[in-house]
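See structure below.
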Amino acid sequence: VTASSRGVAEFKLVDADGVNAIKEVHAPFSVDGGVAVVEMPLTLVREANMWWPHAFGIPYLYTLSVIIRLDDGSISDQASYRVGFREFKKVADQSVGGPVMMVNGQRLFLRGGNWIGTDQFLRYVTDSQRYRDEIGLHVAMGLDMIRVWGGGIAERDSFYNVCDEMGILVWQEFWMTGDNNGRWAGEYNWPDDHQLYIEAVADVIRMLRKHPSLMIWVAGNELDPTTQNPPADIREVM
């Protein structure tokens, strides 16, 4: 919340049926020309059903509505999001000689596919049914995860919404690939504008972080050696 104002942030978590309110929280705030951060503690929703990948359970989703109501009764802003509750972990496992991924305490054997992008010009980004058909093919093949390739682009909300609905995990890469590794006519110091790249990374994280299907962030594709790629200033921020 910004500017000079006082009021209440109203959080309402609604069940998948869109009727039953699981939890409501009213958090007062006061801000004088700066920024106020108002949070809804997750400890207040202990009774929520967990979001699971499709092979392990139901990808349970809720609707979270947020209203910023000022002291005079007017609504300053409001938004609604679909959210899910899950816990991801990466643990070292000596028996396999490497990392093991876990969701909600359950070990995963991940089977995934590579998403290059079916429409690079984003002409169909509002076509949820197209995404549903294409991601549904991954589900039908028994895959658990889609890797969004670093040589492409970050998809739009419709893609991630369908992954949330269908219980498909997402491995999201940022936009660096082999051209950045100094071997294939590229340069280790790419991209040209580091600050612009960092700002774009922050924007995409803010855009996608609400999706329960998003499991892994990766700096890019075929970045080697990691001591040079990504460049040090970008690597530090990431």
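A few comments on the model shown:
- Relative contact order of the stretch 101-238, pairs being alpha-carbon contacts under 8 Å that are 6 or more residues apart, as %: 24
- Cα-based convex hull, the stretch 176-238, per residue volume (Å³, whole number): 82
- Fraction of accessible area attributable to carbon and sulfur, the chain (%, probe 1.4 Å): 53
- The coefficient of translational diffusion for the stretch 61-199, derived via Stokes-Einstein from the alpha carbon Kirkwood radius under 37 °C and 0.692 mPa s, stands at 179 µm²/s.
- Rounded to 5, percent antiparallel among DSSP beta bridges of the chain: 75
- Spatially, the stretch 118-167 and the stretch 187-215 are offset by 19 Å when compared through their Cα centroids.
- Sparsely packed trypsin sites (Lys or Arg not before Pro) within the stretch 169-238, loop by DSSP, other Cβ within 10 Å at most 13: 183, 209
- Sparsely packed loop sites in the stretch 9-84 (the chymotrypsin sites (Phe, Trp or Tyr not before Pro) outside DSSP H, G, I, E and B with at most 15 other Cβ atoms within 10 Å) comprise 56.
- Distance between the stretch 89-114 and the stretch 35-87 - C-alpha centres, whole angstrom: 27
- Highest mean packing comes first when the peptides 157-168, 187-198, 85-96 are listed by Cβ atoms within 10 Å, giving 157-168, 187-198, 85-96.
- Using distinct alpha-carbon pairs, which all enter the 1/r mean, Kirkwood radius of the stretch 20-143 in Å: 18.9
- Only one residue of 176, 186, 98 has its Cα farthest out toward the positive end of the dipole of the stretch 83-238, where Lys and Arg carry +1 and Asp and Glu -1 on Cβ, and that residue is 98.
- For residue 12, a cut-off of 16 angstrom between C-alpha atoms picks up these aspartates and glutamates, skipping any fewer than 8 places away in its own chain: 24, 39, 47, 77.
- Calculated log₁₀ intensity ratio I(q)/I(0) where the Debye formula runs over C-alpha points of the chain, q = 0.10, 0.17 Å⁻¹: -0.61, -1.33
- Estimated FRET transfer efficiency (residue 222, residue 78; beta-carbon r; R0 45 Å; 0.05): 0.55
- Only Lys, Arg, Asp and Glu carry charge here, each on its Cβ (+1 for the first two, -1 for the last two); on that basis the chain has a dipole of about 680 debye about its Cα centre.
- What the phi angles of the stretch 24-33 give under the Karplus curve with 6.51, -1.76 and 1.60, with θ = phi - 60°, is a coupling list of 10, 9, 10, 10, x, 9, 8, 9, 10, x Hz, glycine and proline written as x.
- Take every pair of alpha-carbon atoms less than 8 Å apart whose residues are at least six positions apart; their mean separation over the length of the stretch 90-143 yields a relative contact order of 25 percent.
- For the stretch 62-158, the solvent-accessible area with a 1.4 angstrom probe is 59 square angstrom per residue.
The values are calculated or read from the model by the stated rules, or taken from the named source; none is laboratory data. Treat the numbers as computed from the prediction; the structure is a model and nothing was measured. Cβ: placed from backbone, ideal geometry, glycine included. Neighbour counts: every protein chain shown. For the accessible areas, the whole protein counts, side chains as well, though only heavy atoms, and no ligand, DNA or RNA atoms are used. Shrake-Rupley method; radii C 1.70, N 1.55, O 1.52, S 1.80 Å.
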